[in-house]
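The values are calculated or read from the model by the stated rules, or taken from the named source; none is laboratory data. All of these numbers come straight from a predicted model, not from anything done at the bench. Because the Cβ atoms are built from the backbone with ideal geometry, glycine has one as well, and the counts that use them run over all protein chains shown.
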Amino acid sequence: MLQTGILIFPGINRERDMAIAVEQSFGKAPKLIWHKETDLTGLDLVIIPGGFSFGDYLRCGAMAAQSPVMQAVKTHAARGGYVLGVCNGFQILTEAGLLPGALLRNAGLRFLSMDTMLSVERNDTIFTAHYQKGQVFRAPLAHGDGNYTADPATLDRLEGEGLVAFRYAPGAGGAESQNYNRNGSARAIAGIYSPNHRILGLMPHPEDLVDPLMGGTDGKPLFDSLAAA
Amino acid sequence: MKAIVTVMLKDGVLDPQGKAIGHALNNLGFTQVGDVRAGKIIELTLTESDPLVAKAGVEDMAKMLLANMVIESFKVEIAS
Amino acid sequence: MKPVTAELAKSFGLNAEEYAKVLTIMGRTPSFTELGIFSVMWSEHCSYKSSRVWLKTLPTKAPWVIHGPGENAGVIDIGEGLAAIFKMESHNHPSFIEPYQGAATGVGGILRDVFTMGARPIANLNALRFGDPKLPVTKRVVDGVVRGIGGYGNCVGVPTVGGEVNFHPAYNGNPLVNAMTVGIAAQDKIFLSAAAGIGNPVVYVGSKTGRDGIHGATMASTEFDANSAEKRPTVQVGDPFTEKLLIEACLELMQTDAIVAIQDMGAAGLTSSSVEMAGKGGVGIELNLDNVPQRETGMSAYEMMLSESQERMLLVLKPERSEMARAIIEKWDLDYAIIGKITDTGRIVITHKGVVEADIELAPLSDEAPLYHRPYTSAAKPAPLGATHDPVGFEAALLKLMACPDIASRRWIFDQYDSTVGGQTVKRPAQADAAIVRLEGTNRALAITTDCTPRYCAADAEAGGAQAVAEAWRNITATGALPLAVTDNMNFGNPEKPEIMGQFVDAIQGMAAACTALDFPVVSGNVSLYNETEGKGILPTPAIGAVGVIEDASLATGLAIAPGQQLILIGDTKGALGQSLWLREILGREDGAPPEVNLLSERENGDFVREHILNGAVQACHDLSDGGLAIALVEMALAGDTGLTLHPSPEHIPAHAYWFGEDQARYVLAVSNPTAILTAAHAAGIPARHIGHTGGDSLTLTGGNPISLATLRDAHEGFFPAWFA
């Protein structure tokens, strides 16, 4: 079982959702780690949840990326530790340089809160083993700055080296089927891996769809995959 | 001493905000407006009194935090 | 600083009689700061001087009510040792002057009212009324208000799960932004505002004080004129990041035993919080303003006492716990300052730079606050509508109504609000008649809604007041939840006009009757008067926010139908078209009497529907409201992406009145066993009809041409995206 910790920055607001999803699949509550912590020894998986760290003032994730705990996350990543960043967590990972590219304002300049469909680009990573390759699943998104961008060479490299984790995909029927890449992300990229596939950043929130009561369990395989690792 | 840091998206990075502002200006009848780029200005009050030292320090700040060098560029002006 | 005179008092909003009372209480001419304190405490916003005598007539008690009106928010028992704490509050005037910040700080203010009592906020809703969509100013206001609500609510991490939107030219210069927050606390961990403990420290927590919104509370109590735009500098700016820190810091501090009393600094900031805390506790309070954390230099005592800077709280702490409290607050990067102490003098004494700037006896400040029995005249009841002729037919009317601003899909709005943060949202916007939010760690959920039909209130405020309460009760019932209690947000014009005061009185009487008949007490609320621009009042708008509970959240029922279900209409249909949307949109008329509100039928029909939802017999349910039966059916079809086939209208009612009449106390149920429901209804004396079945991809009237769901969806989804394209 992966020893798991969730980072808490001031302004983070999806740490409870994440903890519930982790506990449901792992059978054990994750540790909550305050942003001033400098030692992550003993953890296998560090999760950076969604929210508005430091108000997302200046740029989303910019100030969190400079906080003490992110130095420790870099050390953790350098020794091969696993990192999952969702939404603001993804933004923080790019700002910290642990993943390439950046998340810009949504193409329509409005906050987007809706379900989106994601396609699984590969299922041979620790995060996606319980999905099928090419499977399309549903996940809520809720962000103002999810428009993934990188220079064309980086995008080519991400695609060429199999580092795209999820893409926005058309859904079946209903109003959600059209215009599926609503935030305008380059090549419809919703999530990416580090070259060793041990760091995953994505904008949508699989942790908010792990209970049939909330509309489905499409996000649960991600946590089941990690729980089985 | 004050430092004024201007942060802009790099040329070539799509600026939807600038585009929307341009669109709105055109709609208001300002047809002379072509491309619009939106950025931000950050004003810092410094204790340093040597303008060269001050500028070097602020450039470090800009690279580390104030601008995201993946998508943004910056300019530092020192005003007394 | 200007000398204090009757004229200055008048400019502060105190009339001659009120100023004379101030002189009597003080026994001398008040200082500038003292005059400021009287003017805000005696403003309509803080003193409820025009409304208080009538608010007292509302029913406020029930076995499940823990704290009714008088606290920062209402508190009810929702089972398992938990309490729901909730309130709705207006931020109307600021939202017209600066829509983004006005709406954002409205959300921030109501959140503080709820977490100040110890509750973690779990849901936000918003009841919004805007002017004519054809006016550019309306578009600007809608855009700013929606962005402001989203900007604040999304950042603090409280899901925005519901609300309502209406448009009418009566709101052109005076939109209504009524924000509601619901929070959850353990019943034995509820915090109140009454100060106690002579010598206990008075502690300031949160953001620093600036010159924001000085006299906002009095601005909220005056009419707008052409110069309103110049009032812009007094608008407060919200900082949702600091609010989030304040929520976490306060909830962490509340886990300890440090707090004696706590109140947020809302309207009239430091003045109302300190006066109310000391007043409720029957003690005195001393403040030294030198210690107030300040954002600007050179602030006077008057400015600090009246500042409406956001994201601030006032606490009375146990002295031996104050250093521990400081550590918790500073861990969250918030200002913590001891600014005074509780005394036994019964007075509020304010010092600044060694000078006593105010020294007022507290009891008369509240006990002798003005109380007006304003003269009122009720409008004559409107004549019934009489027969109408349908010039366009079913399909054209249906498509026009589905697309009209009052019915069109609100997706463009709620897609900008984070409705899932917290991971407990069972029914999101437009999925059910009320939002359903589970209580973390239990099977239980709350059902939450806001409702009011202002056009009914304008025609007959008593019927409209009753209808608003009944519709809220119905919306909760339609999910299977048991409606428990109400918060009201009374938005009216100038109460000094007898006809406006008459609307207020009539609405209260209608609400009181409905609350009594439905066991639905009022536990909190807010009054917003003087909603007029250039002498023209808004439609009377007694917005109702309501909360219910469902013990098993998996039984909560939504709108979405599926193929193979039978459709049952519960309730009596007479074809009431007076004040209906069909009348307005198709005939261009806004007249007639609003639909009758029969509270006995409401109760009986609703109790029947809830019973059958909870025994598992109902797969989908929708109450009937704006646009009547046809609109409700299409909303169910679009929610489930499933077509329907409907029996023709009965012969005794004109077809257009059957399909679009707005008779109350009605529901559509989708069931698998229609015979069982019809038999049970018959036995219980509940009107029930089998009206059709589900399936396919169009709406078909038996004998008519099918209307495809795609056509209906395009009509329904078109308005907002086209407006903001």
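In the stretch C:134-160, what count of residues is obtained for those that are more than 14 Å from residue C:111 (Cβ to Cβ) and of a type in the set (A, V, I, L, M)?
The number of residues fulfilling the criteria is 6.
Tell me, which residue of the stretch A:104-121 that is assigned to a strand (DSSP E or B), more than 10 Å from chain C (Cβ to nearest Cβ) and of a type outside the set (S, T, N, Q) is farthest from residue A:219 (Cα to Cα)?
Filtering the stretch A:104-121 for residues that are assigned to a strand (DSSP E or B), more than 10 Å from chain C (Cβ to nearest Cβ) and of a type outside the set (S, T, N, Q), the one farthest from residue A:219 (Cα to Cα) comes out as A:104.
Among the residues of the stretch B:27-66, count how many are of a type in the set (S, T, N, Q) and either in a helix (DSSP H, G or I) or touching a Gly at 6+ places or on another chain (Cβ under 7 Å) (or both).
Filtering the stretch B:27-66 for residues of a type in the set (S, T, N, Q) gives B:27, B:31-32, B:45, B:47, B:49.
Restricting the remaining residues to those that are either in a helix (DSSP H, G or I) or touching a Gly at 6+ places or on another chain (Cβ under 7 Å) (or both) gives B:27.
So the answer is 1.
Identify all residues within the stretch C:569-605 that are farther than 18 Å from residue C:666 by Cα and either outside any loop (DSSP other than H, G, I, E, B) or free of Cβ contacts under 8 Å to residues at least 24 places away in the same chain (or both); write none if there are none. Steps first, answer last, please.
First, the residues of the stretch C:569-605 that are farther than 18 Å from residue C:666 by Cα: C:583-593.
If the condition is that a residue be farther than 18 Å from residue C:666 by Cα and either outside any loop (DSSP other than H, G, I, E, B) or free of Cβ contacts under 8 Å to residues at least 24 places away in the same chain (or both), then C:583, C:584, C:585, C:586, C:587, C:588, C:589 are the ones that fit.
Pairs please, first residue from the stretch C:125-154 and away from every other protein chain (no Cβ under 11 Å), second anywhere and buried (at least 24 other Cβ atoms within 10 Å of the Cβ) and assigned to a loop (DSSP other than H, G, I, E, B), Cβ atoms under 6 Å, 6+ apart in sequence or on different chains.
Final answer for the pair search is C:130/C:175; C:141/C:175.
Any residue in the stretch A:153-171 that's more than 14 Å from residue A:196 (Cα to Cα): show its pairings with residues that are among the aromatic types (Phe, Trp, Tyr) at Cβ separation under 7 Å, as long as the two are six or more apart or on different chains.
Close Cβ pairs satisfying both conditions: A:168/A:180; A:169/A:180; A:170/A:180; A:171/A:180.
The conditions are (1) under 19 Å from residue A:103 (Cβ atoms); (2) out of contact with any helix residue (DSSP H, G or I) (no Cβ under 9 Å at 6 or more places or on another chain), and residue B:69 fails exactly one of them. Which is it?
Among (1) under 19 Å from residue A:103 (Cβ atoms); (2) out of contact with any helix residue (DSSP H, G or I) (no Cβ under 9 Å at 6 or more places or on another chain), the lone unmet condition for residue B:69 is (2).
Determine whether residue C:166 is more than 13 Å from every other protein chain (Cβ to nearest Cβ), farther than 25 Å from residue C:262 by Cα and surrounded by fewer than 24 Cβ atoms within 10 Å (Cβ to Cβ). Before the answer, list the steps.
Values: more than 13 Å from every other protein chain (Cβ to nearest Cβ): yes; farther than 25 Å from residue C:262 by Cα: yes; surrounded by fewer than 24 Cβ atoms within 10 Å (Cβ to Cβ): yes.
Spelling it out, residue C:166 is indeed more than 13 Å from every other protein chain (Cβ to nearest Cβ), farther than 25 Å from residue C:262 by Cα and surrounded by fewer than 24 Cβ atoms within 10 Å (Cβ to Cβ).
Scan (1) at pLDDT 85 or above; (2) under 18 Å from residue A:109 (Cβ atoms); (3) over 15 Å from the mean Cα position of the chain (by Cα); (4) not in a loop (DSSP other than H, G, I, E, B) for the single condition residue B:24 breaks and write down its number.
Of everything listed in (1) at pLDDT 85 or above; (2) under 18 Å from residue A:109 (Cβ atoms); (3) over 15 Å from the mean Cα position of the chain (by Cα); (4) not in a loop (DSSP other than H, G, I, E, B), residue B:24 misses just condition (1).
From (1) outside any strand (DSSP E or B); (2) within 14 Å of chain C (Cβ to nearest Cβ); (3) touching a residue at least 60 places away in the same chain (Cβ under 8 Å), pick out the condition that doesn't hold for residue A:139.
So residue A:139 meets the others, but not (1).
If residue A:185 meets every condition in (1) more than 14 Å from chain C (Cβ to nearest Cβ); (2) buried (at least 19 other Cβ atoms within 10 Å of the Cβ); (3) touching a residue at least 40 places away in the same chain (Cβ under 8 Å); (4) closer than 29 Å to residue C:713 by Cβ apart from one, which number is that one?
Residue A:185 satisfies every listed condition except (3).
Under 8 Å between Cβ atoms, which residue pairs at least 6 apart in sequence (or on different chains) link something in the stretch C:490-510 that is farther than 23 Å from residue C:451 by Cβ with a partner that is acidic (Asp, Glu) and assigned to a loop (DSSP other than H, G, I, E, B)?
Matching pairs, first to second residue: C:494/C:223.
Has the stretch C:539-548 got any residue that is crowded, with 23+ Cβ neighbours inside 10 Å, in a helix (DSSP H, G or I) and modelled with pLDDT of 95 or more? Steps first, please.
The first filter runs over the stretch C:539-548 and keeps only residues crowded, with 23+ Cβ neighbours inside 10 Å, leaving C:539-548.
Those still in the list that are in a helix (DSSP H, G or I) too: none.
Scanning the stretch C:539-548 turns up no residue that is crowded, with 23+ Cβ neighbours inside 10 Å, in a helix (DSSP H, G or I) and modelled with pLDDT of 95 or more.
Which ranges mark the strands (runs of 3 or more DSSP E) fully within the stretch C:236-354 that have 3 or more residues being closer than 25 Å to residue C:365 by Cβ, basic (Lys, Arg) and more than 14 Å from chain A (Cβ to nearest Cβ)?
Values: elements: C:259-264, C:284-288, C:312-317, C:335-343, C:347-352.
By residue number, no strands (runs of 3 or more DSSP E) qualify.
Quick test for you: out of C:517, C:562, pick the one residue that is surrounded by fewer than 24 Cβ atoms within 10 Å (Cβ to Cβ) and within 14 Å of another protein chain (Cβ to nearest Cβ). Spell out the reasoning first.
Working: C:517 fails: within 14 Å of another protein chain (Cβ to nearest Cβ).
Checking each option against the conditions leaves just C:562.
Just to be sure, is residue C:704 out of contact with any Cys (no Cβ under 8 Å at 6 or more places or on another chain) and either surrounded by 22 or more Cβ atoms within 10 Å (Cβ to Cβ) or modelled with pLDDT of 95 or more (or both)? Please lay out each step first, then the result.
On the way: out of contact with any Cys (no Cβ under 8 Å at 6 or more places or on another chain): yes; either surrounded by 22 or more Cβ atoms within 10 Å (Cβ to Cβ) or modelled with pLDDT of 95 or more (or both): no.
Spelling it out, it is not the case that residue C:704 is out of contact with any Cys (no Cβ under 8 Å at 6 or more places or on another chain) and either surrounded by 22 or more Cβ atoms within 10 Å (Cβ to Cβ) or modelled with pLDDT of 95 or more (or both).
Just checking: which of the helices (runs of 4 or more DSSP H) contained wholly in the stretch C:384-492 hold 1 or more residues that are more than 14 Å from every other protein chain (Cβ to nearest Cβ) and crowded, with 24+ Cβ neighbours inside 10 Å?
Numbers: elements: C:394-403, C:411-414, C:454-459, C:461-477.
The helices (runs of 4 or more DSSP H) meeting that bar are C:394-403, C:454-459, C:461-477.
Could you list, in sequence order, all residues of the stretch C:268-287 that are more than 24 Å from the chain's Cα centre (by Cα) and farther than 15 Å from residue C:34 by Cα?
C:277, C:278, C:279, C:280, C:281, C:282, C:283, C:284
Sort out which residues of the stretch B:66-80 are buried (at least 16 other Cβ atoms within 10 Å of the Cβ) and free of Cβ contacts under 8 Å to residues at least 60 places away in the same chain, and write them in order of number.
Scanning the stretch B:66-80 gives B:68, B:70.
Which of the residues spanning the stretch C:274-289 are of a type in the set (Gly, Ala, Ser) and crowded, with 24+ Cβ neighbours inside 10 Å?
To start, the set of residues in the stretch C:274-289 that are of a type in the set (Gly, Ala, Ser) comprises C:274, C:278-279, C:281-282, C:284.
Within the stretch C:274-289, C:274, C:278 qualify.
Please return the ranges of helices (runs of 4 or more DSSP H) entirely within the stretch C:610-685 where 3 or more residues are at pLDDT below 95, more than 23 Å from residue C:403 (Cβ to Cβ) and within 28 Å of the chain's Cα centre (by Cα).
On the way: elements: C:628-640, C:655-660, C:674-684.
In the stretch C:610-685, no matching helices (runs of 4 or more DSSP H) lie anywhere.
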